[in-house]
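Written below as structure tokens is the structure these notes are about.
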Amino acid sequence: TRTPVNVTVTGAAGQIGYALLFRIASGHLLGPDVPVNLRLLEIPQGLKAAEGTAMELDDCAFPLLRGIEITDDANKAFDGANVALLVGARPRTKGMERGDLLSANGGIFKPQGKAINDNAADDIKVLVVGNPANTNALIAQAAAPDVPAERFTAMTRLDHNRAISQLAAKTGAAVSDIKKLTIWGNHSATQYPDIFHAEVAGKNAAELVNDEAWLADTFIPTVAKRGAAIIEARGASSAASAANAAIDHVHTWVNGTAAGDWTSMGIPSDGSYGVPEGIISSFPVTTKDGKYEIVQGLEINDFSRARIDASVKELTEERDAVRELGLI
Ligand code: NAI
């Protein structure tokens, strides 16, 4: 029998946590034959709710769930962690400036990065979900100098999945017929969902759609503003779809992309496509054997270049701001 994989989830008592934990425990994160130990990190006020969720996890009698530990101590939560899902973050509240938001999150992600550095297993893989996800991932990574930088990733898979869904609706195709879609840049309103290399049932998506106005005025804003539309409709932010995307992100990272397809991940740039080295930006990636590689050699047209550059500019500004705050 396999040794259980230690999966740490921060913000476990939140709404994404509630949608996420049951799917991890039922085997959707890593695979149907991989037992897991769950480590739940919460702030003191969240511990009781996390315990309630743990009671429900027990009551599911998941065959793959070998143990649950709940703590407000990051060193304990990340002890021996193989996978870390950093979901808990400080949300932007009314009147909060970007600098305030970044420094509040620095207060969370810097110590968590250090705790990962000091306690996690050698094969640790980190996914940051909590916003601003890309820059929070950069802060955590900078605090973990002993962990290879590429193990720190940020979630743009929800954007990726949203874009696939919108493109499927537009073309009347099945979502499973859509391949090679890319989210570039930041998980924010500046993100760029790119269909110029995407395929719909084997045909080039941009040629099939053949409508640049739809791209610029409908598709891109619909994907980028989907989070706000969900809040407006549901009265609460997207949680189940975010949890689903987190599952997809890690599952793909661990188990690989399909031949003839790729996915989108926020990862430390190696300078590809003119994205400054070191910032955590979304790229098209293929994955295999637990490692990812940026898809190389894609032609970037003027329409795409301007949008990638705008989102990357925002990321470099966020990097500069956290550098100024001494967070990296
Ligand atoms: P939530 O407010 O329901 O839950 C957050 C939880 O984190 C709370 O239980 C809170 O007690 C906990 N928490 C706060 N600080 C913590 C710390 N230092 N250590 C451990 N736990 C801590 O929020 P929700 O809806 O679950 O969202 C979580 C985050 O995910 C938010 O930042 C949200 O913006 C982000 N998000 C990111 C998406 C993406 O695509 N990257 C999509 C949707 C949400």
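The values are calculated or read from the model by the stated rules, or taken from the named source; none is laboratory data. Everything numeric here is computed off the predicted structure, so don't read it as measured data. Virtual Cβ from ideal backbone geometry, glycine too; neighbours counted across all protein chains shown.
What to note about this one:
- Answer residue from the stretch 29-59, given it is over 24 Å from residue 245 (Cβ atoms) and in contact with a strand residue (DSSP E or B) (Cβ under 7 Å, 6 or more places away or on another chain) and is nearest to the ligand (Cβ to nearest atom) among those: 47
- Exactly one residue among 83, 87, 126 is without any contact (Cβ under 8 Å) to a residue 60 or more places away in the chain and touching a strand residue (DSSP E or B) at 6+ places or on another chain (Cβ under 7 Å), and that residue is 126.
- Under the condition of being surrounded by 17 or more Cβ atoms within 10 Å (Cβ to Cβ), assigned to a helix (DSSP H, G or I) and either touching a residue at least 12 places away in the same chain (Cβ under 8 Å) or of a type outside the set (A, V, I, L, M, F, W, C) (or both), the residues counted in the stretch 228-240 number 0.
- Selection status of residue 297, surrounded by fewer than 16 Cβ atoms within 10 Å (Cβ to Cβ), touching a residue at least 60 places away in the same chain (Cβ under 8 Å), in a loop (DSSP other than H, G, I, E, B) and over 16 Å from the mean Cα position of the chain (by Cα): no
- Reported count of residues in the stretch 62-102, each being on the phi < 0 side of the Ramachandran plot, of a type outside the set (A, V, I, L, M) and at pLDDT below 95, is 9.
- Top-ranked residue of the stretch 109-136 - restricted to ones that are of a type in the set (Val, Ile, Thr) and within 8 Å of the ligand (Cβ to nearest atom), ranked as surrounded by the fewest Cβ atoms within 10 Å (Cβ to Cβ): 129
- Counting only residues that are more than 19 Å from the chain's Cα centre (by Cα), farther than 24 Å from residue 254 by Cβ and in contact (Cβ under 8 Å) with a residue 60 or more places away in the chain, the stretch 3-58 holds 0 of them.
- Taking the numbered list (1) buried (at least 17 other Cβ atoms within 10 Å of the Cβ); (2) away from the ligand (no atom under 16 Å from the Cβ); (3) over 14 Å from residue 160 (Cβ atoms) in turn, residue 197 passes all entries but (3).
- Taking the stretch 255-279 as the range and being among the aliphatic types (A, V, I, L, M), buried (at least 17 other Cβ atoms within 10 Å of the Cβ) and closer than 20 Å to residue 176 by Cα as the test, only 265 passes.
- Enumeration of residues in the stretch 169-194 that are over 21 Å from the mean Cα position of the chain (by Cα) and surrounded by 17 or more Cβ atoms within 10 Å (Cβ to Cβ): 170, 171, 173
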